[in-house]
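Asks: Before I ask anything, let me first share the structure, which is written out below as structure tokens.
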Amino acid sequence: METDERERYRIGASLLIGFAVLLLIAALATDQWRYMQTPLFMLSTTCFIGGVFLFAFGGGESVDARLASRLSLQGIPALGRIIRNLGGYGTAIFLPPDSPDGRVMQFIPTQPACRPLFGDGGGFAYHDGSTGTIAHPLAGPVLEDLKRDNELVLPSEYGLLMGAIREVCEDLLSVADRVDIRRVDDTVIFHLHNYLFFSGCAALRKESPEVCILCPCSICSLIACMIAEGLKCEVSLNCVTLDDSGRSPGMEIRYTLKMGTDEPQS
């Protein structure tokens with residue numbers, strides 16, 4: 001990674017972490033509007049994780065792979081607990097941008113019994129008949145940096161988009177030696193060979209196995225965001241499988257695509 005590009009990653013990481021601190025302060029100062037505290041805590045944690053993830057990639061070749069793996073997943077268990085406390089359950093849904101200048105958003109369904117606890121508003125949204133929370137996905141900052149610094153373009157044609165995802169994982173971010181992709185009906189299956197963050201994912205799944213689909217980590221989130229934006233469709237992650245039985249550790253991710261979905265309404 002070039003020095004200028006590494007410096008941009010570090011600046012971006014610092015800004016996100018700083019913004020996370022401001023959001024945390026704002027959450028602690030909202031005693032009179034307690035229904036806003038949980039969404040602010042959630043946004044603060046999301047910004048912090050995104051900042052740490054950018055720092056892991058901007059640290060240069062001297063950063064150990066195991067350390068980078070741990071850094072990239074820092075805070076995700078805490079964010080998962082916040083989401084569960086907010087009533088989140090099931091599978092997070094990545095929604096395509098609602099305009100040419102829009103961004104992918106992440107919708108997390110909530111249990112119906114939790115809705116009355118927060119009254120009207122409270123950061124909730126409606127999508128496809130379900131109530132939930134909506135926020136920027138963890139990979140949002142990474143995707144925007146790739147577009148700006150690496151001139152990443154997300155094709156609308158399936159084959160070309162899969163090629164772009166493979167290039168990002170293998171070359172731009174170097175999180176896998178090889179990425180195999182296949183599609184079965186509405187399911188797209190990615191196999192990341194010699195996955196850089198394998199040890200961190202294994203530790204995370206051991207601590208909280210359901211967090212992978214409720215609060216996808218930055219790499220799983222990044223692939224979902226690229227699909228949602230490129231194909232203009234709704235994407236959900238339905239299964240993550242880790243495999244260390246071969247010569248190199250790998251990860252298989254299964255995404256479900258749903259075309260022609262409506263945007264959520266607040």
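The values are calculated or read from the model by the stated rules, or taken from the named source; none is laboratory data. In this text, all values refer to a predicted model and were calculated from it rather than measured experimentally. Ideal geometry is used to build each Cβ from the backbone, glycine not excepted, and the neighbour counts take in all protein chains shown. For accessibility, only protein heavy atoms count, side chains too; no ligands or nucleic acids. Shrake-Rupley method; radii C 1.70, N 1.55, O 1.52, S 1.80 Å.
Asks: Would you please state which residues of the range 155-171 a label at Met259 would reach in this model, taking the label point 7 Å out along Cα→Cβ and a backbone N cut-off of under 18 Å?
Replies: Flagged as within label range: 155-163.
Asks: Still on this structure, I have one more. In the range 140-218, which GluC sites (Glu not before Pro) fall in coil by DSSP and have 14 or fewer other Cβ atoms within 10 Å?
Replies: Values: sites: Glu144, Glu151, Glu157, Glu167, Glu170, Glu207, Glu210; in loops: Glu151, Glu157, Glu210.
Filter output for the range 140-218: Glu151, Glu157, Glu210.
Asks: Return the carbon/sulfur percentage of the accessible area of the range 143-253, one whole number, probe 1.4 Å, all protein chains in place. Please report the intermediate quantities before stating the final value.
Replies: Working: 2190 of 4690 Å².
On the range 143-253, the fraction of accessible area on carbon and sulfur atoms equals 47 percent.
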